[in-house]
Amino acid sequence: MTTLLVTGGAGFIGSNFIHLLRRERPEIRIVNVDVLTYAGNLENLKDVPLDDHYRFIRCDIADNQALKEAVDEKIDAVVHFAAESHVDRSIEDASAFLRTNVIGTQVMIDLARAWDVEKFVHVSTDEVYGSLGDEGLFTEETPISPNSPYSASKAASDLLVRAAVETHQFPGIITRCSNNYGPYQFPEKLIPLMISNATEDKPLPIYGDGMNVRDWIWVDDHCMGILLALEKGKPGHVYNLGGKSELTNMAVVKAILKSVDKPESLITFVTDRKGHDQRYAIDCSYAEKELGFDRSIDFEEGLKRTVDWYLENESWWQRIKTGAYLEYYDRHYGKDLSE
């Protein structure tokens with residue numbers, strides 16, 4: 001049985017990836033390592049039983065010794081999601097981003113080398129490329145040019161993986177995705193924030209003029225791309241995973257309001273984010289050719305599924321907004337979740 005270590009598996013994309021593995025690759029044993037910061041939520045995985053195919057370890061990936069002691073079994077491969085990811089938080093204080101995204105990634109590289117893993121997939125972001133003009137697409141050859149502390153920390157982690165490949169023949173693979181959306185996304189992010197605020201008839205804050213463009217990918221499609229990179233990707237290669245769905249923030253917000261039958265008068269413009277990138281758009285033709293990557297649904301269908309999920313799971317995001325979700329950890333950490 002292949003044993004796969006997943007870092008950050010209690011977060012948005014990581015938890016969706018674990019659900020995907022349980023559906024598509026049930027024979028894989030998963031070891032989920034997550035320190036459970038504010039964005040890590042074990043409720044995302046409450047339907048995944050702790051059994052011979054799934055183990056949870058609460059540990060900080062930047063703590064080499066603690067992680068070395070906690071992971072006491074043979075690891076065949078690693079998928080590295082764990083990261084601080086909210087741009088606004090990085091602007092306020094970048095220290096946590098440097099610890100988790102940079103030091104944490106180096107710790108994971110060092111341990112993966114000691115475990116002699118077959119593959120190490122590092123999940124990154126298109127934000128490392130910086131901002132596009134009105135035309136063009138990010139390719140794997142686009143120079144890295146990050147514009148926020150968050151994207152700079154992710155760019156640094158990408159370079160650490162690249163350096164390990166060149167220096168140690170490390171089996172590192174990098175994926176860079178566009179904006180994800182779907183179930184279990186922390187409600188400070190654009191789409192879940194707008195859905196929850198609209199549901200409660202609260203103002204919907206939009207940065208600047210709302211004309212910043214993002215490429216949106218359904219989270220399950222991104223997760224399938226990561227799985228394909230794990231299974232078919234070549235060490236040292238970068239694979240861009242995009243949704244081919246370029247939309248302005250304003251268009252996304254208006255689509256959400258229409259889907260929940262709320263007025264556009266809820267839209268409120270706020271001071272633009274510092275260093276706000278104007279446009280992201282990904283060319284994922286290399287991943288399509290080399291991995292067989294594709295998208296299963298378009299943005300219209302994906303947004304419908306996302307809105308429906310948040311409306312049907314209001315108690316999930318309400319517990320996050322009130323902070324009550326943190327009690328879930330206390331209720332479960334009276335016992336050893338790693339067993």
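Derivation of every value follows stated rules applied to the coordinates shown; laboratory data play no part. Just so we're clear, the structure is a prediction, and the values are computed from it rather than from any experiment. So basically every Cβ, Gly included, is an ideal-geometry build from the backbone, and we count neighbours across all protein chains shown.
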| task | Any chance you could check the Cα centroid distance between the stretch 99-154 and the stretch 216-289 for me, in angstrom? | result | 17 Å
| Using 0.36 nm per residue, how much length does the chain from Tyr286 to Arg273 gain when fully extended, once their Cα-Cα distance is taken away? | 1.5 nm
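What ranking do Phe17, Phe138, Phe186 get, fewest neighbouring Cβ atoms within 10 angstrom at the top? Write down the numbers at each step before the final one.
On the way: Phe17 28, Phe138 23, Phe186 18.
Lowest to highest Cβ neighbour count: Phe186, Phe138, Phe17.
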| request: Using +1 at the Cβ of each Lys and Arg and -1 at the Cβ of each Asp and Glu in the chain, identify which of Thr175, Val253, Val102 lies farthest towards the dipole's positive end. | output: Val102
| remark: Per the 1/(1 + (r/R0)^6) rule, R0 = 41 Å and r from the Cβ atoms of Asp116 and Asp88, FRET efficiency to 0.05 is 0.55
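What pairs from Lys46/Lys119; Lys232/Lys289; Lys258/Lys304; Lys234/Lys289 go past 18 Å between their alpha carbons?
Lys46/Lys119
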| said: Is there a quick way to get the dipole size of the chain? I mean about its Cα centre, with the Cβ of Lys and Arg at +1 and of Asp and Glu at -1; what is the value in debye to the nearest 20? | reply: 160 debye
| query | Using 7 Å Cα-to-Cβ label points, what is the Ala66/Ser95 separation (nm, one decimal)? | reply | 1.6 nm
| request: With a 10 Å radius around each residue's Cβ, average the other Cβ atoms per peptide and rank 166-175, 306-315, 223-232, 46-55, highest first. | output: 223-232, 166-175, 306-315, 46-55
| request: Would you mind computing, in nm to one decimal, how far apart the modelled labels at Asp209 and Thr139 are, each placed 7 Å from Cα along Cα→Cβ? | output: 3.1 nm
| Within the chain, helix-based [θ] at 222 nm, where runs of 4 or more DSSP H residues each add -39,500 (n - 2.57), nearest 500 | -11500 deg cm²/dmol
| field | the chain: translational diffusion in µm²/s, Stokes-Einstein, Kirkwood Rh over Cα pairs, 37 °C, 0.692 mPa s | value | 162 µm²/s
| note | So, over other residues within a Cβ distance under 13 Å of Leu111, counting Lys, Arg +1 and Asp, Glu -1, the net charge is -4
| With the dipole of the stretch 265-318 worked out from charges on the C-beta (+1 for Lys and Arg, -1 for Asp and Glu) around the Cα centre, which of Phe299, Ser315, Thr268 lies farthest toward the positive end? | Thr268
| remark: For the stretch 100-241 (alpha-carbon point model, no solvent) the Debye-based log₁₀ I(q)/I(0) at q = 0.12, 0.16, 0.17 Å⁻¹ works out to -0.57, -0.94, -1.03
| task | Please give the residues of the stretch 213-247, grouped as numeric ranges, whose backbone N is less than 18 Å from a label point set 7 Å along the Cα-to-Cβ vector of Arg162. | result | 234-241
